[in-house]
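Please treat every number below as a calculation from the coordinates, not as lab data. Here the structure is a predicted model, which means the values were calculated and not measured. We place every Cβ from the backbone using ideal geometry, glycine too, and count neighbours over all the protein chains shown.
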Amino acid sequence: MGRFNAIALRVARLARSEVRITRMIGLTFCVLIVLIAAVVLGFNHATKTVNRLDRENERMLVANYVVRQIAASVAQQKVQLTWDDAFNGLVLKRDMAWADTYVGEFLWSNFGYDRLYLVDPQGRAIHAWHEGKPRTPTGYAPLEKAVSAKLGWMAGNTSVVGQMAGTRRLADTDWPFDDNGRALTRWSSELVSLEGRPAQMTIVSVIPDTDMGLLRRTPNHVVAVKFFDPGYLGALRQNLLLGEVDSIGSAPRDPAHNSLALTAADGSVIGWIGWHSAQRGAMMQHRMRPLFIAFCCIMLALVAGGAAIVRVLSRTLVRLQSSEQQAQHEALHDAMTGLPNRSHLLQEAERRIAGVARRPDRFMMLAFFDLDNFKSINDTLGHTVGDALVAQVADRCRKRMVDDDFLARIGGDEFVLLRTADSGSGAVESLGAELMATFAAPFKVEGRLIDVTASAGISWSIAQGRDADELLRKADIALYRAKQRGRARWRGYTDDMGHTVARRRELEVALRDAIRGEGLSLAYQPIVETTGNTIAGAEALLRWDHPELGRISPALFVPVAAQAGLMPVLGWWVLRKVFEQRRAWPELNISVNLSPLQLAARGFLDDIEVLVREYSVPPGAITFEVTEGILLERGSGVFDVLEGLRKMGFGIALDDFGTGYSALSYLRAFRFDRIKIDRAFVQNIETDSGAQAILKAIAALGRSLDMKVVAEGVETLIQRQLVIAAGCELIQGYFHFAPLAPGELAAATAPTRPAMRRGKAA
């Protein structure tokens with residue numbers, strides 16, 4: 001009995017133990033199931049979160065891109081519509097022929113606006129352009145209500161983006177003006193539906209840029225429409241690195257696709273932009289699926305897999321957070337140097353300006369500096385060396401920063417330094433000297449020492465500006481003045497520099513008038529053969545005689561024309577005049593210079609053929625001169641255009657030979673008819689034996705390549721004798737002839753007149 005009881009007791013104990021084990025196993029299984037469920041649910045939530053964040057970020061990027069495009073459209077229109085000529089042509093005179101060229105065709109060919117409408121102050125359509133072509137404004141009706149509403153809002157907007165200094169009453173209109181007395185542009189924008197397609201619409205007022213008295217009449221406005229077409233969407237995809245982008249009629253239901261609703265001003269959806277979303281969470285879920293299957297089959301594997309998932313999930317979330325932080329950093333920093341970019345600079349400058357405004361004993365300096373002759377470094381040593389040099393410049397400047405200096409890179413070789421200092425401390429002079437000292441030692445790039453200098457312009461608050469853009473603009477003006485004075489120096493901004501800029505603007509306006517009217521003319525400097533002293537040809541030279549300023553040097557107005565974008569029309573004026581006047585000298589070869597913009601212009605060869613037919617001038621009577629600088633970018637198609645001119649029968653000359661870095665390579669790549677030796681080799685030939693040797697070498701090279709050699713700048717008898725002795729076949733210079741008027745050239749080429757005479761300055 002006792003034994004039985006002992007056995008029973010033992011069985012009971014085992015039973016209780018088994019129950020406990022079973023309960024423990026069950027509890028363990030429950031814990032594991034809960035753990036698995038928690039992991040699965042957590043992972044699904046994380047992947048959905050990643051997908052959601054990806055979609056949100058993508059929509060934000062697309063929306064910001066659309067906003068930037070609208071801002072760019074406004075800026076593009078302001079450039080062409082803030083102009084005295086534009087106000088005259090579109091408001092006062094309503095010269096539609098002028099508007100067709102300078103508004104319709106220009107804005108379409110340069111910026112791709114699909115529809116343009118000229119509207120009056122009440123929003124009524126006056127004229128229209130479809131893809132640059134003039135049209136009647138019949139398709140404007142769907143936009144008229146929206147445009148009229150926007151014009152009403154613009155008229156009542158008193159801030160004009162915070163720039164307005166005051167409103168001035170001129171005759172029948174009230175218009176906002178800035179502190180400098182210039183009219184401010186009123187503009188507005190919104191998304192619209194036109195012709196059944198979504199589009200961005202911008203409205204920009206037409207205002208003068210110099211003659212504010214023109215605003216006695218209420219300005220008209222230009223409405224610009226750009227559809228969300230394949231070209232627009234393709235640029236969006238390329239810039240944002242998205243999947244296939246398309247314009248769709250409704251929001252996509254496929255979770256693999258993302259979309260952005262295009263909303264009109266009234267809140268209605270006018271269309272959608274759709275694209276294939278990155279779906280990083282879905283891809284991560286797909287990759288982890290085998291692990292979850294193993295998790296469910298083997299408990300231990302489930303536990304191990306669960307731990308792995310937790311680790312992967314954690315790392316994924318960390319990467320996501322790091323990616324977001326990296327994106328934010330990249331949005332405000334330059335990729336090459338790691339320095340803050342232009343956007344970051346402007347934010348920091350505004351913050352510091354606000355800070356010093358509350359401290360009369362403190363001020364902020366803005367130093368804008370870049371490398372001198374950086375283009376030549378890229379051209380001769382390559383862009384790889386140029387990029388490495390820019391990075392080293394950034395490192396050296398960063399090491400020399402003091403206190404709370406802020407250094408930014410805003411362009412290729414352009415940097416800006418912000419520094420806050422005590423008033424009256426001589427900080428501006430100290431900063432300028434410090435910047436120049438930074439470039440005293442050479443830079444070692446890829447095993448070679450490179451001596452490079454920099455030029456700088458400095459502006460400061462509050463005396464010279466109360467916002468970052470104004471300070472940056474004035475520092476840029478001072479930088480330009482430093483480069484004018486010889487580079488490798490700094491200049492602080494002064495008011496007279498601003499007057500200089502205004503003067504350049506006045507010259508630009510006068511030059512536009514001269515191109516359209518009177519004042520421009522051509523002079524011709526003869527080219528004389530060394531054998532027989534006969535005139536073999538002449539070079540066409542542009543002259544500008546202003547009714548008030550007198551003769552303006554090309555060295556002054558050509559840079560103004562280049563900066564104002566007038567070189568194509570100016571070059572075309574010269575070409576047409578040369579072809580017209582060449583008919584007076586049937587036996588004479590005329591040389592004319594070509595600019596890079598002319599050669600790069602679409603349809604240049606076709607336009608030349610039109611001139612040949614119109615004026616019946618044989619192509620062999622014209623020689624086009626190009627400089628080495630035009631040939632630097634071989635990928636631009638320059639050589640193809642030159643070859644086309646050669647096939648048409650025109651002569652091609654390489655001007656200013658010997659002053660560049662790659663002239664010999666161009667002689668090998670293209671056969672020129674003439675080589676023109678730069679006057680720098682001729683000026684010192686009387687005393688410089690090295691110049692004589694170089695001249696002989698170039699002449700011998702020309703003979704071996706069957707190219708005639710022209711010596712420029714011959715002014716004395718000794719120079720003439722030496723260039724002839726060197727082997728030059730043609731001479732151009734004041735010893736024989738100064739530039740002549742067309743009538744004087746005709747007299748000089750007459751059979752009864754000697755070709756050799758001393759020239760006088762023209």
Tabulate in residue order the Karplus-calculated ³J(HN,Hα) for the range 217-225, using 6.51 cos²θ - 1.76 cosθ + 1.60 with θ = phi - 60°, rounded to whole Hz; enter x for Gly and Pro. 10, 4, x, 7, 9, 10, 9, 10, 10
As a Kirkwood estimate from alpha-carbon pairs, the range 82-227 has a hydrodynamic radius in angstrom of 15.4
Counting all Cα-Cα pairs in the range 515-612, those more than 15 Å apart amount in percent to 67
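Stokes-Einstein at 4 °C, 1.567 mPa s, Kirkwood radius from Cα pairs: D for the range 435-557 in µm² s⁻¹? All intermediate terms of the calculation are to be shown ahead of the outcome.
Working: Rh = 18.7 Å.
Roughly 69 µm²/s, to the nearest whole number.
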Per-bin percent of Cα-Cα distances, the range 328-408 [10 Å]: 15, 39, 31, 12, 3
Residues whose placed amide H lies under 5 Å from that of residue 534, excluding near-sequence neighbours: 529
Give me the one-decimal nm value for the distance between modelled label points at residue 429 and residue 572, 7 Å along each residue's Cα-to-Cβ direction. 5.3
Calculated FRET efficiency for the pair residue 453/residue 402, C-beta based, R₀ 25 Å, to 0.05: 0.70
Pop a pseudo-label 7 angstrom from the Cα along the beta-carbon direction at both residue 543 and residue 294 and give the gap in nm to one decimal. 9.0
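So how much slack lies between residue 210 and residue 149, counting 0.36 nm per residue of separation and subtracting their Cα-Cα distance, in nm? Numbers along the way, then the final one.
Numbers: separation 61, 0.36 × 61 = 21.96 nm, distance 2.94 nm.
Contour length minus Cα-Cα distance gives 19.0 nm.
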Cα-based Kirkwood hydrodynamic radius, the range 342-493, one decimal, Å: 15.7
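Using Cα pairs under 8 angstrom and six or more residues apart, how large is the relative contact order of the range 536-644, in percent?
Working: 98 pairs, mean separation 29.9, N = 109.
In percent, rounded to a whole number, it is 27.
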